[in-house]
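The values are calculated or read from the model by the stated rules, or taken from the named source; none is laboratory data. Please read these numbers as outputs of a predicted model, since none were measured by experiment. Here the Cβ positions follow ideal geometry from the backbone for every residue, glycine too, while neighbour counts run over all protein chains shown. Surface accessibility is based on the protein's heavy atoms, side chains included, excluding ligands, DNA and RNA. Shrake-Rupley method; radii C 1.70, N 1.55, O 1.52, S 1.80 Å.
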Amino acid sequence: MARVLAIAIAVLSLAFALAGPAWSQPAAPPSPAAAPAPPALSAGTVAELQSLVATLQDDKQRATLIQQLQTLIAAQNATPAKQKRQSVIRLAREALGWLELQSVRHLLGTIASIALVILIALLVWALVSAAIRRGLARADMARHGVSGARLRTLLPLARTTVLIAIVTMAAFIVLSQLGVDIAPLLAGAGIVGIAVGFGSQQLVHDIINGLFILIENTVTVGDWVDVGGGHVGRVEDMSIRSMTLRDGSGALHTVPFSTVAAVVNTNRGIGNAAIAVTIAPGQDIDRAASLLGEIAAAMREDAAFKYQMLSDFQLWGVDKVEGTGVTILGQIVCTDGGRWPVQREFNRRMAQRFAAEGIAFAVPTQSLILRDPEAVPRAPRG
């Protein structure tokens, strides 16, 4: 078959050369001296060649032969691709057989479990972090409200606590999936916790007091507080153990919660502006009290103070009557942030109005009596 195929290809090439286009020039006949001697052919080969020549002379049979040759060539070219497919199938079967091993399946299951734990931990942290960011954004929008201050105080602490809890739980689960016995680790952590508790009782006291202060909402970030011991100022930061205050001079106070015995918080919605004025003896007390009410009413018409004042002037009456003057007391109910501005503005207007109305303030006086010792009669001697 191979020999017939080779002969067919040679004859087919010769036929195409003879039946080609006009521009194909026939080769020059070789010289008799250079022509090689034709090989001797057997009778069977000659018969096969004659049959092939007869086939090539017929156009239909020639087209059929060409199609058969093309099919044979395509089949020969497709053999490497078929071999590649067979190689891939063989490798896949080997891989499936390798995956059927118990140890390999256990390893892949462990890796999948660890990846799932890490993915869940990251997802939980992303959700919690997003919620805390939204809460902090709301707190910034409500910066002057009690709820906003409470959110700014609690959300950073909650974020840190949740992060520690997620990392700890994920680490223990991953270690258990890797085959590490976490029971000794848990027991050791408990022992270390007990030792730390006994060795740092002050720290535990700070944390417990801080938790109750935060839960009860006694202090929030932004409040002006007095926690005793000379620590007075505005709360700038709070942790689980201490609070940071900024006093009026700009100094920073870090106060552990264990040292906080009482908290005086001036930011809880209401601040009373105390009014106390001492007028000189002989002045019209009723007129002075009426002027105090008029000053407060005028301030409530002022856009700079009307939203900070929650009431008119509340006259408490005459508090003291002394030889040096008469003291009148009262108050104005204000917001917690408007107490001091209202009180200072009221004092300024009161001084101006009393001066205009001719009401004199009391002036402290002191009497000094001098006596001449020579003028004092002496008792006769016995």
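Yes/no per residue for (1) touching a residue at least 60 places away in the same chain (Cβ under 8 Å); (2) part of a helix (DSSP H, G or I):
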{"position": "G193", "(1), (2)": "no, yes"}
{"position": "N209", "(1), (2)": "no, yes"}
{"position": "T220", "(1), (2)": "yes, no"}
{"position": "G233", "(1), (2)": "no, no"}
{"position": "I240", "(1), (2)": "yes, no"}
{"position": "G269", "(1), (2)": "yes, no"}
{"position": "T278", "(1), (2)": "yes, no"}
{"position": "G282", "(1), (2)": "no, no"}
{"position": "A288", "(1), (2)": "yes, yes"}
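Might you let me know whether region 327-338 holds any residue that is at pLDDT 90 or above and either farther than 27 Å from G248 by Cβ or in a helix (DSSP H, G or I) (or both)? The answer is yes; a qualifying residue exists. Criterion applied to R246, R268, R300 was being surrounded by 16 or more Cβ atoms within 10 Å (Cβ to Cβ) and of a type outside the set (A, V, I, L, M), and the one residue passing it is R300. Report every pair of residues separated by at least 6 positions or lying on different chains whose Cβ atoms are under 6 Å apart, first residue within region 106-122 and more than 22 Å from I164 (Cβ to Cβ), second in a helix (DSSP H, G or I). The qualifying pairs are T110/Q177; S113/Q177. Evaluated against (1) modelled with pLDDT under 90; (2) in a helix (DSSP H, G or I); (3) open to solvent by less than 50 Å² (accessible area, probe 1.4 Å), F305 falls short on exactly one condition, (2).
A170: under 23 Å from the mean Cα position of the chain (by Cα), surrounded by 13 or more Cβ atoms within 10 Å (Cβ to Cβ), farther than 30 Å from I270 by Cα and modelled with pLDDT of 75 or more, yes or no? Criteria met by A170. In summary, V204 fulfils each of the numbered conditions (1) closer than 19 Å to S239 by Cβ; (2) open to solvent by 80 Å² or more (accessible area, probe 1.4 Å) with the single exception of condition (2). Among the residues of region 214-228, some residue qualifies, meaning at least one is open to solvent by 60 Å² or more (accessible area, probe 1.4 Å) and at pLDDT 80 or above.
Taking region 229-241, which residues are touching a helix residue (DSSP H, G or I) at 6+ places or on another chain (Cβ under 8 Å), open to solvent by 60 Å² or more (accessible area, probe 1.4 Å) and under 19 Å from A158 (Cβ atoms)? I240, R241, listed by residue number. When region 242-267 is filtered for residues that are at pLDDT 85 or above and assigned to a loop (DSSP other than H, G, I, E, B), the ones remaining, listed by number, are D247, S249, G250, A251, V260, A262, V263.
All told, S129 meets the bar of being farther than 19 Å from L214 by Cβ, modelled with pLDDT under 85, open to solvent by less than 70 Å² (accessible area, probe 1.4 Å) and not charged (D, E, K, R).
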